[in-house]
Amino acid sequence: MSEHIKPVSRYTTGARINHWITAVSLILLALSGMALFHPSLYFLTGLFGGGEFTRVIHPWIGVVLAISFLGLFFRFFTLNLWNRDDTVWMKNLGAVINNKEEGLPEVGKYNAGQKLVFWGQSILIFALLCSGVVLWDTYFATYTTIDQKRLSAVIHALCAIGVILIWIVHVYAAIWVKGTIRAMTQGSVTGGWAWKHHRKWFRQEVGKP
Amino acid sequence: MSVLQALDLRRRSASSVPPPAAGKPAAVAVAKLIDVSKCIGCKACQAACLEWNQLDQPIGYTDGTYDNPTDLTTASWTVMRFTEYEHGDDLEWLIRKDGCMHCDDPGCLKACPAPGAIVQYTNGIVDFVSENCIGCGYCLKGCPFNIPRISQTTSKAYKCTLCSDRVVVGQAPACAKACPTQAIYFGTKDDMIAHAGKRIVDLKSRGYQNAGLYNPQGVGGTHVMYVLQHADKPSLYAGLPDNPHISPLVGIWKGVMKPLSLAAIAFAGAFGFLHYITKGPNTVSEHDEAKADELAAGKDRA
């Protein structure tokens, strides 16, 4: 086996810390939220010290997530703007799922699927923040009517399920596409990974001094 | 309030209830009947409620009406609401004793996420069980009558218990006991409906053509009922809902959404697993690495 080029840097230390704060808070929010959403999952409140503590802590974790995700949003939103190649990529989603992505246009730092994950989570988390504040009776009970709170409860639950579904896609994609997870644990990927999945981005990276 | 073990449960929030033991006689549904036409607005019922339940309502302020306090609170589980109803040259004072209606189909209980924080006894009384309450405020969203209140100090929800701790030992609720004009009756629901019938006949003979019983079917009937002089317009009585029902939003939230959401999550997980075992992982080959080296070397030379 020959010596390969040194790994390609994909995420700075700051971006990785930012990502993992978001990831941990999202998982905690999903667990505490599901505990109060479905009676069969109420036992999950035990992870947070009981029902009352779950009710108290959930919105505060939400604040952490909102701030943390805002950081990710500003780091990455320019890289996630849609272009024509993304439309072609989406039309060939079947080939991607079948591990036959060779014929597709070269991909920049993010492919169309990753961009959809980014925008999906951005919109849903914003909606969760807004509806969550309406439901945060401890501080905001008097600012909205009961009907607005009812609507918020439905929106909050719907968006949360959306976020969890996108999260499953996000995590599964990282497991499925080998060599991906080290980008978020070590900050770098192999040249082969970059060449195979994000060649346009790879060309820019190796071109840098 | 804690659960009264002498009473059987019909419903329990966020959990299922085993049917009562075989051979046990079915519980008799109870009801409180409030005859608005006989109420003089003395507030003895409010005082009795505070006293029996050992509640302390801090002195508040007046907003220019006789309502005191101006709304239900965590201590005032019942409040007389005064309405001046003018029609033609006539002025009527409609005084409604507001409080929990003890719905047969309780929206608070359906919305509650904490197992056993809200119970409905087989006699129809809906009770909050503080030790299980987590203070989330979902009961406020489920309630069609805007009754429960969350305490700022204990972060628990409170409302009228229909004096379940008195009823269980064969006593009438404190408010009914204290009422000097017998505007508040308590007994079996059947007896209360029958008694209301007589009162309505009397009211009609006195010119109240639209007198009637308020026992709204949109919530399955209630275990607190009113005799109203103008039963065709319940909203005259300080906004008593004309046709109360559990909000369809709460129905979606606490109904179809729960199983569908879990199914969607399970499906997504299963799809991922199946994809992995059928299509396999997407791996980077030695060829890809070589191509990367080639490209990088080319750039270096350039």
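Bear in mind these aren't lab numbers, they're just calculated from the coordinates by the rules spelled out. From a predicted model like this one, the values you see are computed outputs, not experimental measurements. Every residue, glycine as well, gets a Cβ built from its backbone with ideal geometry; the counts of neighbours run over all protein chains shown.
Note on region A:1-25 and region A:94-153: Cα centroid distance 23 Å, given to the nearest whole angstrom. Each of B:T188, B:T78, A:T13 was scored by other Cβ atoms within 10 Å of its Cβ. Arranged with the fewest first, they read A:T13, B:T188, B:T78.
For the pair A:I67 and B:Q209, label points projected 7 Å from Cα toward Cβ lie 6.7 nm apart. Between B:I277 and B:L260, the contour length at 0.36 nm per residue exceeds the Cα-Cα span by 3.6 nm. Here the relative contact order of chain A, from alpha carbon pairs under 8 Å that lie six or more residues apart, stands at 29 percent. The value of relative contact order for chain B, using C-alpha pairs under 8 Å at least six residues apart, is 22 percent.
In the calculated pair-distance distribution of the protein assembly as shown, the portion above 40 angstrom amounts to 41 percent of the Cα-Cα pairs.
If each DSSP helix of 4+ residues adds -39,500 (n - 2.57) and the sum is divided by the residues in chain A, what number results at 222 nm, nearest 500 deg cm²/dmol?
The per-residue figure over chain A is -22500 deg cm²/dmol.
Please state, as a whole number in µm²/s, the translational diffusion coefficient that the Stokes-Einstein equation yields for region B:9-246 at 25 °C and 0.890 mPa s, with Rh defined as the Kirkwood radius across alpha carbon pairs.
Numbers: Rh = 18.4 Å.
Reported coefficient: 133 µm²/s.
For A:I175 and A:F140, the FRET efficiency from 1/(1 + (r/R0)^6), where r spans their Cβ atoms and R0 equals 35 Å, is about 0.35. Within straight-line reach of A:K200, meaning a Cα separation under 18 Å, sit the following aspartates and glutamates at least 8 residues removed in sequence or on another chain: A:D85, A:D86, A:E101, A:E102, A:E106, B:D288, B:E289, B:D293, B:E294, B:D300.
Hey, which of these cross-link pairs are over 18 Å Cα-Cα: B:K177/B:K198; A:K91/A:K115; B:K97/B:K204; B:K110/B:K141? Result: B:K177/B:K198; B:K97/B:K204 exceed 18 Å. Taking amide H as placed 1.01 Å from N in the peptide plane, B:R149 has its amide H under 5 Å from the amide H of B:Y158, each at least 5 places away in sequence or on another chain. Note on A:T87 and B:A194: their simple-model spin labels are 7.7 nm apart, each label 7 Å out from Cα toward Cβ.
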